[in-house]
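Here is the structure we will look at.
The values are calculated or read from the model by the stated rules, or taken from the named source; none is laboratory data. Predicted model, so just to flag it, every value in this text is computed and none were measured. In this analysis, Cβ positions are derived from the backbone assuming ideal geometry, glycine residues included, and neighbour counts consider all displayed protein chains. These accessible areas exclude ligands, DNA and RNA; they are computed on the full protein's heavy atoms, side chains included. Shrake-Rupley method; radii C 1.70, N 1.55, O 1.52, S 1.80 Å.
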Amino acid sequence: MSIELKERLKSSSQENLRQAAVLEFSEEVFESDNYCSLEVLTPEQQKLYIVNRNDRTLTILGISKDMAVTKETLFAQRILSLKEWFVDYSMSDNTPPKKLEVELMGGRTLLIEPGLSISQEKNYKKPEFSNQVNEDFEHLIAALKNTIIL
């Protein structure tokens with residue numbers, strides 16, 4: 001996980017999401033190469049998606065407006081497929097994916113859309129923030145692919 005994520009989550013609006021991650025995983029979640037993560041901020045809920053390469057899991061930590069914390073851990077065996085969605089893809093610019101669709105056993109689909117953070121937090125409109133979020137998203141996708149035999 002990037003140190004930049006740790007810094008982004010220090011803002012007062014996302015501090016609770018950072019605290020939930022530290023309580024669940026300790027500070028190691030921000031410093032270890034075993035973890036890849038990405039935050040997605042929506043009007044209803046802040047979510048932190050964390051892939052643990054060693055345990056082959058995807059954990060979703062969420063905090064709602066009323067400060068309710070949810071945690072869901074998905075094991076790689078429950079994931080059937082990953083579909084990356086590109087918008088206005090450019091071969092020359094190597095456009096990053098805009099969202100990831102994860103299909104789980106039982107027909108459930110999980111959408112991860114980091115672009116939603118831009119509408120929620122003005123800092124995410126800054127190029128350095130959006131570039132880092134795109135990079136974190138690509139690392140998250142790569143980590144998921146490494147834990148799953150498709």
Cross-link reach from LYS145 to lysines, straight Cα distance under 16 Å and at least 8 residues apart if same chain, gives LYS83, LYS99
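Give the accessible surface of segment 22-150 per residue, rounded to a whole number of Å², with probe radius 1.4 Å and ligands, DNA and RNA excluded. Working shown, then result.
Values: 7230 Å² over 129 residues.
With all protein chains present, segment 22-150 gives 56 Å² per residue.
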Packing-wise, with mean Cβ within 10 Å as the measure, how do 64-71, 99-106 rank, highest first?
99-106, 64-71
Label zone at THR73, where the point sits 7 Å out along the Cα-to-Cβ direction: segment 122-150 residues whose backbone N lies under 18 Å
144, 147-148
Theoretical ellipticity at 222 nm over the chain - DSSP helices of four or more residues, -39500 (n - 2.57) apiece, nearest 500:
-9000 deg cm²/dmol
Once the mean of 1/r over all distinct C-alpha pairs in the chain is inverted, the Kirkwood radius in Å reads 15.6
Debye-sum result for segment 56-107 in log10 I(q)/I(0), which assumes one identical scatterer on each alpha carbon, at q = 0.16, 0.19, 0.23, 0.27 Å⁻¹:
-0.70, -0.82, -0.91, -0.98
Any chance you could run the full-extension gain for SER26 through GLU113? It's 0.36 nm times the residue separation minus the Cα-Cα distance, nm to one decimal.
28.8 nm
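How would you rank 4-12, 134-142, highest first, on the average number of other Cβ atoms within 10 Å across their residues?
Working: 4-12: 15.3, 134-142: 18.1.
My ranking of the peptides, most packed first, is 134-142, 4-12.
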Using a 1.4 Å probe on the protein heavy atoms, what percent of the accessible area of segment 39-117 belongs to carbon and sulfur?
51
Given 27-40, 73-86, the highest-first ranking by average Cβ count within 10 Å works out to 27-40, 73-86
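Return the FRET efficiency for the residue pair GLU128, LYS83: r is the Cβ-Cβ distance, R0 is 22 Å, and the value is rounded to the nearest 0.05. Intermediate values should be presented prior to the final figure.
Numbers: r = 28 Å, r/R0 = 1.29.
It comes out at approximately 0.20.
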Give the Debye-formula value of log10 I(q)/I(0) at each listed q (0.21 Å⁻¹), with one equal scatterer per alpha carbon of segment 35-82, two decimals each.
-0.74
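Could you tell me which of rounded, prolate or oblate describes segment 68-150, using a ≥ b ≥ c as the square roots of the eigenvalues of the alpha-carbon gyration tensor, with rounded for a/c under 1.5 and, failing that, prolate when a/b is larger than b/c and oblate otherwise?
Oblate, because a/c is 1.5 or more while a/b does not exceed b/c.
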